[in-house]
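What follows is a short report on a single structure.
The values are calculated or read from the model by the stated rules, or taken from the named source; none is laboratory data. In this text the structure is predicted, and so the values were computed from the model without any measurement. So basically every Cβ, Gly included, is an ideal-geometry build from the backbone, and we count neighbours across all protein chains shown. Calculation scope for accessible area: heavy atoms of the full protein, side chains included, ligands and nucleic acids excluded. Shrake-Rupley method; radii C 1.70, N 1.55, O 1.52, S 1.80 Å.
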Amino acid sequence: MLIAQGNGIVVGSISVFQRERALLRRERAKKLYGVLPFFIAKAASDMTNNVLLPVCYGIISYWTAGLRPTAVNFLKFVLGYYLTLSCAQSMGLFLSILIPNMSIAMILAPPITLFFFIMGGFYIPLVNMHVGIKWVSYISFARYGYSALLVNEFEGRYIPCADDDVAVSIGANECPMPGDSVYESTGIEDVFSNYWFNIFVVFIMQVSFLVGAYGLLRVSK
């Protein structure tokens, strides 16, 4: 869900802002309003339009997928899912200002977004990443969003025993298997196995993207 929705949000943020760039230049030239009011309105409207529907999709998927049926875990899922998608939206806004040419921005945005998601541990577990590239995962917002959702789902629970004909390659063949073994087997350990730490990092990254986007917008012509 994060990969599909996140990539769409980044591309959507870029295409919308690029179409409004000429309007912003004209309005600034006429001194109708400053950069800050436009930026706040733009960021707020994008978070509503681009993020709200994907979050609704995530809420429906949460219950249909049979994830933890408790109010606390559900609300923590919604928070982590929303912040991760909001961070993706903020990154799209940052890229749209950093790369003024819309064609180039639309070409570069999908692979950049996908690269961040790969570095987040979706396709390659963090524990299996080569040390020469693993450092990039620390600057990937997807790593922290993904870790928060995994920890929220498996922390403090036990996985029932599998059928005799089902092979389990996670943990130490314990039965029932501690849920912590699921995310620890992917390399999510120590402070990164703390839900609130990951949420905090995603929030800081989102703020950083927004501040960077605003700074670039002020100096852009």
### Task
Find the helices (runs of 4 or more DSSP H) located wholly in the range 47-138 whose residues include 1 or more that are closer than 19 Å to residue 4 by Cβ, and list them.
71-98, 102-119
### Query
From the list 70, 48, 64, which residue is open to solvent by 20 Å² or more (accessible area, probe 1.4 Å) and closer than 20 Å to residue 209 by Cβ?
48
### Summary
Within the range 140-159, of all residues that are part of a helix (DSSP H, G or I) and farther than 22 Å from residue 89 by Cα, the one most open to solvent (accessible area, probe 1.4 Å) is 154
### Message
Among the residues in the range 25-37, are any open to solvent by 10 Å² or more (accessible area, probe 1.4 Å), modelled with pLDDT of 80 or more and within 22 Å of the chain's Cα centre (by Cα)?
### Response
no
### Task
Provide a single number: the residues in the range 2-24 that are within 26 Å of the chain's Cα centre (by Cα), open to solvent by 40 Å² or more (accessible area, probe 1.4 Å) and among the small types (Gly, Ala, Ser).
2
### Task
Could you tell me whether residue 93 is open to solvent by less than 50 Å² (accessible area, probe 1.4 Å), of a type outside the set (D, E, K, R) and closer than 26 Å to residue 158 by Cα?
no
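Does residue 42 satisfy being closer than 27 Å to residue 150 by Cα and touching a residue at least 40 places away in the same chain (Cβ under 8 Å)?
no
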### Message
Would you confirm whether or not the range 26-34 contains a residue that is out of contact with any Leu (no Cβ under 8 Å at 6 or more places or on another chain) and in contact (Cβ under 8 Å) with a residue 24 or more places away in the chain?
### Response
no
### Query
Regarding residue 107, is this residue open to solvent by 70 Å² or more (accessible area, probe 1.4 Å) and at pLDDT 90 or above?
no
#### Entry: One residue from 193, 220, 208, 137 being at pLDDT below 85, of a type in the set (Ser, Thr, Tyr), closer than 30 Å to residue 94 by Cβ and surrounded by 13 or more Cβ atoms within 10 Å (Cβ to Cβ)
220
### Query
Residues in the range 124-131: is at least one modelled with pLDDT under 90, surrounded by 18 or more Cβ atoms within 10 Å (Cβ to Cβ) and within 15 Å of the chain's Cα centre (by Cα)?
no
